[in-house]
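Have a look at the structure below before the remarks.
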Amino acid sequence: MRPATDLGFLLHKHPDRVQEFGQSYGVARVFYPEADEERCTAALMLDVDPIRLVRSRGRSTPDYALGQYVNDRPYAASSLLAGALADVFRTARAGRCASRPELAATPIPLEIALPALPCRGGPELAHRLFGPLGWEVEARAVPLDEAFPEWGDSRYVRLALRGRARLADALNQLYVLLPVLDDAKHYWIAPDEVDKLIRAGESWLAAHPERGLITRRYLGRRGALTRTAFARLAELGDDVEEDLEPPLEEEPSPSPEADAPAEAAEASAPGEVSAPEAEGSEGAGGKRPLNTVRRQAVLAVLDELGARTVIDLGCGTGQLVGALLADPAFTRVAGTDVSSQALTIAARKLKLDRMPERQRERLELFQGALTYTDDRFAGFDAAVLMEVVEHVDPPRLPALERVVFGAARPGHVVVTTPNAEYNVRYEFLTGMRHPDHRFEWTRAEFAAWAAKVGEEYRYDVAFRPVGDDDPELGPPTQMAVFTRREG
Amino acid sequence: MAGTTAGRTETQEGRDRMTEIAVPAMSLVVLVGVSGSGKSTFARRHFAPTQVISSDFCRGLVADDENDQAATSDAFDVLHYIVRTRLKRGLLTVVDATNVQWEARRQLIDLAKSQDVLVDAIVLDVPEEVAAERNAARPDRDFGSHVIRRQRKELKRSLGKISRDGFRRVHVLRGVEEIEAATVVTEKAWTDRRELTGPFDIIGDVHGCRAELEALLRELGWEIEPGGTGASHPGGRTAVFVGDLVDRGPDTPGVLRLVMGMVAAGTALCVSGNHEQKLARALNGRKVRVAHGLQESLDQLAAEPEEFRTAALAFMDGLISHYQLDGGRLVVAHAGLKEAYHGRASGRVRSFALYGDTTGETDEYGLPVRYPWAREYRGRAMVVYGHTPVPEAEWINNTICLDTGVVFGGKLTALRYPSREIVSVPAERTWYDPVRPLTAPGHRDPGVLSIDDVRGTKHIEVRHGGGRIKVREENAAAALEVMSRFAVDPRWLVYLPPTMAPPETSRREGYLEHPAEAFAEFAEAGVTRVVCEEKHMGSRAVAVLARDHKTAAARFGVDDGSAGAVYTRTGRPFFAAPELAGALVDRLRRVCAPLMDELDSDWLVLDCELLPWSAKAEGLIRDQYASVGAAARTALPEVVAALEAAAGRGVDVGDVLDRARLRSLNASRFRDAYARYCRPVSGLDGVSLAPFQILACEGRATAVTEPHPWHLDLLSRLDDPLITPTRHVYADLDSPESVRAATAWWESLTVAGGEGMVVKPVTVAGERPGTAEGGAAADGETEPSGSEASRRGLGRVQPGIKVRGREYLRIIYGPDYTESLDVLRNRFLGRKRSLALREHALGLEALSRLADGEPLWRVHEPVFAVLALESEPVDPRL
């Protein structure tokens, strides 16, 4: 393309001036560090005032996070940059150029550099997203702090793209993929994001091999718009908010495609949009995901025990509760969880506000904690502790035992928990199956615990395998069925 | 008592003009009479308007028409609901409805019984003409005379057998004159001796062990009359016997003689035990199974004169189920009593008081299984009882069992009230072989809390500045999640530190915070001397340390082998690995042993800062601070380079380049600010603790009782590499020189990036001038207006003010905050200051409750509340 300065026509920005575009949080500037026959570089520089960024959002948005002033938005190529790009280069992004229409329609040689691109998934993900679009990708991780090499790399990547593309396509790809790579909670996302995604991805998204991930990440974090009082306690304790997020769903996948437990968690996380249910935990060869197998195993046991009234202790987002409700044999179904966020999602998934009266009458859903005795836990044929005990610190387990087996004293208690021995079968698993797990038991450890609890609280106990029972390692999930001794 | 034969207090034929009707102070009074018999008038005359619930009124509530008979069923639902609620709350309640039908009366009697209160009936019996005439005079009552005729018929039928309905008493007033002349008085329940304030010596089950009883009384300073017919205390103390004076032991008559004499002389009270009840039945000639030592009593009494036997029988027959004493703060019952039954009267109340909360099952020794009601007890009254022999008298939730099995060779135990001192004398020998070995009461108090201790909106009474502090339901919900998912064992979680407010924003060039405003605020509040403590940039830590495992078990009820805990300001353990946490506690216990000696306590609680910051906060630092630093330090140099290139081309970049260079510099300063608080630690190596206050030890909430210099002096004696001393200076606020020196000290701390200092009045933290008016500020109900008074928290003195350094604040307000001071100065401190006061008051309350030995749930309540308040939306940068 000659002269290179024709870039100025395509972008509708004059190469010899610094041009400013007011944004609610600061100023976007376009200027040209170089502009000659051979090469022409346009710089889009965002001057983000973090205080204005917070305050311009008004009182309705959550201002009560420390992170909003100490924030990477003024420095990183985030969704703010994507938004500014869309705004400043609106015409170029639409592929229109009155003075050089043929140029706008033609792939031209381009180099794009982003000095600090937040990239969850690291350089490797940048390759996966930009590579299939025809870019030559150079992505280098930025270290967190050179004085603390043990901290490793930051979440930023210095990204350089080289290739031939229509300018409009390049801009649209950046517009979509910057927030996707960032994958931060965009507190300032607009409600019509679906339309925007479809329009910006028109020419390339449908054929992209990572379209699932792109869609999910682009839209999936919207549930995080609301921050609870709970989240504020995270910062207070010098903790990272993510550490405190409720363990909603979890399953490491034996399939090499899925990239860690976190990815599986995300699949059924708040985003109710188009994310294929538990995609991440779909086993290779189309096997049923383990969480489905486990749920069905629990239902089968409850049926076998003849339980009519059941409480799911630690019901999470209510999948078991939903299954119990679907079976009219269960005349009373209760779900309780300590996370109010999980309960909110459960209520939405169960469509509580539209549930027919007769079904609604069979259901109780409430916040409760398994370390506090609670009259509402009592009076059930059976209680289920499905993948719950491993989220309790070992010193607090006696309190849970007392609350469930001592105070609530249901006729039966069904407990499932991971079998730690089986973990070697998960190819990509390091450590435990979920970051919130406080322990994972071997079969012997689980059996010893169950026997001790049964003795102390006068319950008989039997064990069942859940999932493929490996001859050496046992099943992926282990189950204990406690039955109260009478008299 | 309920169930006694209802006698009609019907007037004699001669018709005394004045009929006095006595109804129990806590009871249900059912008016009975046809429409027009004058019930409403009668009720109005003798009872307060709020005490009377009429069916007409309830009909109006549900139908907008007091005479809509179609609404009767719903109206009675409402009536029953109101009556039940009032009775539950212990209020005298009068039902104004015809109640001429047996079914209507039965429902009300059942209602009263369900709330364990007595129920009386007052029947107004007027001639039919009178009723008809009155109804005719009321245009809204258009029902015919046949209705009254029917009602009269039903009343007549009822009167014959109303005494068998189940009323304690039925008072019948016949004719208009008698109704007009009647008066109503309330009579106090027998159990209500709240006017007696003690001091008391409460004595456990004696079971005929006269010698031990006399020894115990002497030990307590009582003087026993010759012949053992009475005793008195020179200090004017009153003895209270928990029952089971009799059976099994060697001298039941001797014990009875002594106690009967004391009760008759007014130096003792005695409640009935199950053994008195059964012995009295046996003496009355009723058929009882002779077992559990009854035979011994019968034999011993047979040797006594008939006169004594009669007196003893009358004494035992007259014993009541329980006493409420000292304004309701003390309840004595033989087998204990749950709160809902205090001061109540019913068969089941008596049965609970005598036999305990039995489950109906029996254990392997054939003895009844008892429900451990005390573990769930949440009442404010202290409950003292006996009945179940235990090796040691132990507190469970403000209740205590004093039966230490003297007759089985244990000891006889007394509790002194209000001092809570326990005094025992050993048995002279084993007088009777126990059926079942003496064991501790089932399980130890397991330290399990109930959801009702924390759920929902709460108002917590605090004794030091604040009155009542409200906790909102949604904040409690957030705290519940953090508490149950992450916090350490609640038995160790005896305190959570309050938040602390910064000073009024400084107007000084280049500063957001400066000591001048803190000093000025305290001076204005009348504080003359303050201490300035170095603020260590680490993680706030509370250390609870017991001298040994025995103390951990005895004082904290923890028997899992741990002897303390160190936790964060949200109650989380510092180290995920239990062995690290244990090692830190063990080292601290060793270091603090001399301090415990000095304080004459086997445990203590310290408020500290754990260093370095990165030990706990490394995740946050990496995720937040280092990340921002990395992004800034990567992006900004490229921005500068690009702008320089453009400028080199002759493009006019204005001041944008200069600003970019400044931001780049600020980014490095920001990075230096967090990096100075990071250093690698490995296990406990590199970790240190900087204690600055001794929060509590045995019997003393030192955070309340001792001034800051006391704390700092004692803590400065801790000498160990694990301990980082807290540097501090004092400042006299009326000396400009002293204030200047303290300011200079702050500057020296912060110029290199130190976090800053905390300024506190040296005097005791709890009571201060100005706390009296604190109620409104402490409530935090309303967003403080911008006014000076409310921004300052309505004149209440902050327990401490943190003054943070200029460089340090980059971590809080962002790398470039120094360029936006004008905007940032517009910050609102009101909420933060109110929150600091409320949390401080809650913290002191928790420590006071702990030091007083209050039950776990009482200590947990304010601790949980601090966490709940911390989830309130407050600008986290303050």
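The values are calculated or read from the model by the stated rules, or taken from the named source; none is laboratory data. Computed from a predicted model, the values in this text were never measured in an experiment. Please note: Cβ atoms are built from the backbone with ideal geometry, for glycine as well, and neighbour counts cover all protein chains shown.
The residues of the range A:366-392 that are among the charged types (D, E, K, R) and more than 7 Å from chain B (Cβ to nearest Cβ), listed by number, are A:Asp375, A:Arg376, A:Asp381, A:Glu387, A:Glu390. Inspection of the range B:540-554 finds a residue satisfying the criterion of being touching a residue at least 12 places away in the same chain (Cβ under 8 Å), within 22 Å of A:Pro395 (Cβ to Cβ), buried (at least 23 other Cβ atoms within 10 Å of the Cβ) and touching a Pro at 6+ places or on another chain (Cβ under 7 Å). Determine whether B:Val95 is under 42 Å from the mean Cα position of the chain (by Cα), of a type in the set (Val, Ile, Thr) and more than 15 Å from B:Gly33 (Cα to Cα). Spelling it out, it is not the case that B:Val95 is under 42 Å from the mean Cα position of the chain (by Cα), of a type in the set (Val, Ile, Thr) and more than 15 Å from B:Gly33 (Cα to Cα).
Looking across the range B:222-270, the residues that are of a type outside the set (A, V, I, L, M) and in contact with a Cys (Cβ under 9 Å, 6 or more places away or on another chain) come down to B:Phe241, B:Gly243, B:Arg248, B:Gly249, B:Pro250, B:Asp251. The C-beta contact set for the range B:835-846 (first residue closer than 15 Å to B:Asp607 by Cα, second residue of a type in the set (Phe, Trp, Tyr) and not in a helix (DSSP H, G or I), distance under 7 angstrom, 6+ apart or interchain) comprises B:Gly843/B:Tyr495; B:Ala846/B:Tyr495. If B:Lys616 satisfies all but one of (1) closer than 19 Å to A:Leu117 by Cβ; (2) within 7 Å of chain A (Cβ to nearest Cβ), what's the number of the condition it fails? With respect to (1) closer than 19 Å to A:Leu117 by Cβ; (2) within 7 Å of chain A (Cβ to nearest Cβ), B:Lys616 is out only on (1).
All conditions in (1) under 31 Å from the mean Cα position of the chain (by Cα); (2) under 24 Å from A:Asp374 (Cβ atoms); (3) not in a strand (DSSP E or B) hold for A:Phe446, with the sole exception of (2). If you go through the range B:677-697 and keep only what is within 26 Å of B:Arg806 (Cβ to Cβ), more than 8 Å from chain A (Cβ to nearest Cβ) and buried (at least 17 other Cβ atoms within 10 Å of the Cβ), you end up with B:Tyr677, B:Ser688, B:Ala690, B:Phe692.
Could you tell me whether A:Thr442 is within 29 Å of B:Glu579 (Cβ to Cβ), polar (S, T, N, Q) and either touching a Leu at 6+ places or on another chain (Cβ under 7 Å) or free of Cβ contacts under 8 Å to residues at least 24 places away in the same chain (or both)? Judged against the criteria, A:Thr442 is a match. Scan the range B:560-574 for residues that are of a type in the set (D, E, K, R) and more than 10 Å from every other protein chain (Cβ to nearest Cβ) and the total you get is 0.
Within the range B:484-505, the set of residues being under 18 Å from B:Arg825 (Cα atoms) and touching a helix residue (DSSP H, G or I) at 6+ places or on another chain (Cβ under 6 Å) comprises B:Ala501, B:Pro503, B:Glu504. Within the range A:16-48, the set of residues being among the small types (Gly, Ala, Ser) and facing another protein chain (nearest Cβ under 8 Å) comprises A:Ala35, A:Ala43. Meeting the requirement of 3 or more residues that are within 30 Å of B:Arg740 (Cβ to Cβ), the helices (runs of 4 or more DSSP H) wholly within the range B:514-619 are B:515-524.
Restricting attention to the range A:75-119 and to residues that are of a type in the set (D, E, K, R) and either away from chain B (no Cβ under 14 Å) or out of contact with any strand residue (DSSP E or B) (no Cβ under 8 Å at 6 or more places or on another chain) (or both), the residue that is farthest from A:Arg166 (Cα to Cα) turns out to be A:Asp87.
Identify the residue in the range A:97-114 that is out of contact with any Leu (no Cβ under 8 Å at 6 or more places or on another chain) and in contact (Cβ under 8 Å) with a residue 12 or more places away in the chain and, among all such residues, is farthest from B:Glu870 (Cα to Cα). Here the answer is A:Ser99. In the condition set (1) surrounded by fewer than 23 Cβ atoms within 10 Å (Cβ to Cβ); (2) touching a residue at least 12 places away in the same chain (Cβ under 8 Å); (3) more than 20 Å from the chain's Cα centre (by Cα), A:Gln341 is compliant with all but (3). Residues of the range B:823-871 that are among the small types (Gly, Ala, Ser), away from chain A (no Cβ under 14 Å), surrounded by 24 or more Cβ atoms within 10 Å (Cβ to Cβ) and over 12 Å from B:Ala501 (Cα atoms): B:Ala841, B:Gly843, B:Ala846. Taken together, the residues in the range B:93-121 that are buried (at least 24 other Cβ atoms within 10 Å of the Cβ) and hydroxyl-bearing (Ser, Thr, Tyr) amount to 1. If you go through the range A:393-434 and keep only what is at the interface with chain B (Cβ under 10 Å from one of its Cβ atoms) and surrounded by fewer than 17 Cβ atoms within 10 Å (Cβ to Cβ), you end up with just A:Pro394.
If you go through the range B:75-92 one residue at a time, do you hit one that is surrounded by fewer than 19 Cβ atoms within 10 Å (Cβ to Cβ), more than 32 Å from the chain's Cα centre (by Cα) and among the polar types (S, T, N, Q)? No, the range B:75-92 has no match at all.
Going by the structure shown, is A:Ala168 away from chain B (no Cβ under 11 Å), assigned to a helix (DSSP H, G or I) and small (Gly, Ala, Ser)?
Judged against the criteria, A:Ala168 is a match.
Taking the criterion of being outside any loop (DSSP other than H, G, I, E, B), farther than 30 Å from B:Arg676 by Cα and touching a Lys or Arg at 6+ places or on another chain (Cβ under 6 Å), the only residue of the range B:795-836 that qualifies is B:Gly830.
The rows are residues; the columns are (1) assigned to a loop (DSSP other than H, G, I, E, B); (2) in contact (Cβ under 8 Å) with a residue 24 or more places away in the chain; (3) among the β-branched types (Val, Ile, Thr); (4) in the same structural domain as B:Asp251 (by TED's automatic domain parsing).
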position: B:Arg344; (1), (2), (3), (4): yes, yes, no, yes
position: B:Arg350; (1), (2), (3), (4): no, yes, no, yes
position: B:Leu354; (1), (2), (3), (4): no, yes, no, yes
position: B:Gly360; (1), (2), (3), (4): no, no, no, yes
position: B:Arg380; (1), (2), (3), (4): yes, yes, no, yes
position: B:Val390; (1), (2), (3), (4): yes, yes, yes, yes
position: B:Ala393; (1), (2), (3), (4): yes, yes, no, yes
position: B:Asp403; (1), (2), (3), (4): yes, yes, no, yes
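Which residues, counting only those in the range B:619-637, are facing chain A (nearest Cβ under 7 Å) and either basic (Lys, Arg) or in contact with a strand residue (DSSP E or B) (Cβ under 6 Å, 6 or more places away or on another chain) (or both)? Within the range B:619-637, B:Arg622, B:Ser627, B:Ala630, B:Ala631, B:Thr634, B:Ala635 meet the criteria.
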